[in-house]
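Let me begin by presenting the structure, written as structure tokens, before commenting on it.
The numbers here are math on the coordinates, done by the rules we state, and not lab data. As the structure is a computational prediction, the values presented were derived from the model and not from experiment. Heads up, the Cβs are rebuilt from the backbone with ideal geometry, glycines too, and the neighbour counts pull from every protein chain shown.
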Amino acid sequence: MTRFGKQFLLKCLKVASALVSVFLPSMAMAVSVGLYAGTFDPPSPAQLEILRCVLADASLPSACQEIGQRISRLVVLVNEDNEADPLASTRERVLMVKKELEKYGNRVEVMTATEAQREEKKRALLVDKNLKQLVQFVGDDSDKVLQSAPATHDPRLTSLVLTLVPSAKRSSNMEQPRNRSSVAVKDAFQADAVMAPLVDSSANEVIDKLGLYQEVSEDLAPLQKALFEEGWRDFLRDLELACPVTLDRGECSALASRWQAISVVTHDSLAEKTGLGGLSAKSQLVYKKAQSEDRWAEKFSTTALRYLEGSQSYDKLKPVADDIGTRVFQGYPYGKLPHLRRASMKQAASSIRTLRVTPQPVACAAPQGSYNADIDQYLADRFPRAFSAFLKDREHRSSTLPVELYVHNHAIEQAYAVHRRSGYTDFYFLQTRRGQFHRNIYLARKSNPLAYRVVLTSVRGNDRRANVFCQIHRTEIFSNYYFVQSAQAQPLFVLNPQGTQLRLDREDLLLFGFKGDWSRKLLARDWRKTPLVKEGLDIDLFTHPAIRQKIVVVRNVYGDDADIILNIFY
């Protein structure tokens, strides 16, 4: 039961048991599979009640128990059609559904599918000779869904409509089912709201962790759109550089010219011009408020590769494009695109007495001279250009007050306690393209009077700290900062049980850097990946069933952080 769903108490679940008798009378003693498809953006209470009913959740009435007893396995298809332009990515929506249904174990299979793939999945299930019945479960929009679905004459395929009936309309004279089976299972629900998604606690865990379905405040809306545009430009630049490694140079050149012709339009302006809502032409990339950063990455890849759909070139370039835009860490998507995400602060640290605050000048000890690297791009990857422009240009900020910089050697919970005392209650996490593991950037916001602070947390280690301050120094935004020190700095990482029990010998390897490339190559050669940390720096163990050697792959570290890694593993 969620904070939004208390009005939907289980006592309102009065099921018309008489209707169950029409449900697949041939299914007694039969092994059958249930099929349910939805966008799940996010999973609504109505959808979740249908799924739980199909799975015979013990908290639901007897009619659901009778249905569930006849279903041996449930296949849930998360719609992958791009025309709907959801707010959360396909990966995030799958994760929410899996979290909701994980207690049902291997009775549930969750996968993604386009409209064509949904029909292919149905046909594939019907090919199985052991299948006695395939039941397609649908909700109140069943007529439209079933009429649009391709007809099939296989007698094993049945559609069951679970009708959501308001409690005020329930009576002993409840409407009898029409030519399709239907069962009344729950009260009607209102449409989902972006700012208050009606979801259950398990999906809320994903929503809070990833900051889904949250628009930034009105004063930060231009900055968020600017980050979207900057991320798109840098994504295309990286894809153009990577393309010749995978495809012919001539094809890459033709693609690059097409990419440059793609324009960024807002969802509102597109709806006004075309009346088609989320639909867009091939030459347009639609910016939509409240979309997640992982959804941005999904759209970037889809938009750039739509000219190659159905070709072998698409299959070759797609994994490259996906890798440029996003990655997955400890089961959650964490992208590589500049993006503001509202930070969920459930509980601030209770005490800040152990913190010491000292004002210091921003300085950089790096020697002056020429560098082989593109320093401007190096900085933009770690401190986005749009963010720098926002901090520098007071005309484009709603606040005319100067922005202060605070640097913490500990986690966000203690930092939030410090700034909340000064009225900075809204925190936004700034995703950057590089360098997340040795510092996190937050934009703290105070409403009255409107003011901002840039808050860096988890800045630990002398070498990393020096690197961070050189980055800040080169942006030419801050000349001074406040260094907030805890008695104990945040650790670089915390091992999980597999990490603490790991033993290495002289034949094993420890690899620093290029973790994404190493992981893809090892997995492609049937190596098995096991995460070794529960928080902090990303470290994985790779083993092979036919090879005794172990390989530990660590994200790029250097200096005193490299010493920590070596001391732990060797």
*Kindly rank 354-365, 51-62 from highest to lowest mean number of other beta carbons found within 10 Å of each residue.*
51-62, 354-365
*Sort 499-507, 326-334 for me by packing, meaning the mean count of neighbouring Cβ atoms within 10 Å per residue, highest on top.*
326-334, 499-507
_Quick one: 3J(HN,Hα) in Hz for segment 548-562, Karplus 6.51/-1.76/1.60 with θ = phi - 60°, rounded, Gly and Pro as x._
6, 5, 9, 10, 9, 10, 10, 4, 4, 9, 7, x, 5, 5, 5
*Under 19 Å from residue 446, Cα to Cα: aspartates and glutamates that are on another chain or at least 8 residues apart*: 215, 218, 219, 393, 395, 404, 413, 426
_5 angstrom amide H check on residue 73, placed H, neighbours 5+ away_ = 32, 34
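Given axes a ≥ b ≥ c from the Cα gyration tensor, I'd like to know whether segment 326-481 is rounded (a/c under 1.5), prolate (a/b larger than b/c) or oblate. Walk me through the numbers before you get to the answer.
Numbers: a/c = 1.35, a/b = 1.25, b/c = 1.08.
Rounded is the answer for segment 326-481, as its axis ratio a/c remains below 1.5.
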*For segment 343-485, what is the relative contact order in percent, using Cα pairs closer than 8 Å and at least 6 residues apart in sequence?*
39
*Over 27 Å between alpha carbons, listed pairs 336/521; 282/515; 132/529; 103/529; 121/318; 318/529*: 282/515; 132/529
_Tensor-based shape of segment 218-338 (alpha-carbon gyration tensor, a/c under 1.5 rounded, otherwise prolate or oblate)_ = oblate
*Among the aspartates and glutamates, which fall within straight-line cross-link reach of residue 550, defined as a Cα-Cα distance under 14 Å, with same-chain neighbours fewer than 8 residues apart omitted?*
505, 507, 508, 526, 540
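Taking the beta-carbon count within 10 Å as an exposure proxy, list 153, 410 from fewest neighbours to most.
Result, fewest neighbours first: 153, 410.
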*When ranked by the protection proxy of mean other Cβ atoms within 10 Å per residue, highest first, what sequence do the peptides 378-385, 400-407, 260-267 form?*
378-385, 400-407, 260-267
*According to the Kirkwood expression over distinct Cα-Cα pairs, how big is the hydrodynamic radius of segment 493-569, in Å?*
12.7
*What does the charge add up to near residue 65, with Lys and Arg as +1, Asp and Glu as -1, over the other residues with Cβ less than 13 Å from its Cβ?*
0
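Just add up the charged neighbours of residue 154: K/R +1, D/E -1, any other residue whose Cβ is under 10 Å from the Cβ of residue 154. Show your work: numbers first, answer last.
Numbers: positive: 122, 123, 156; negative: none.
That works out to +3.
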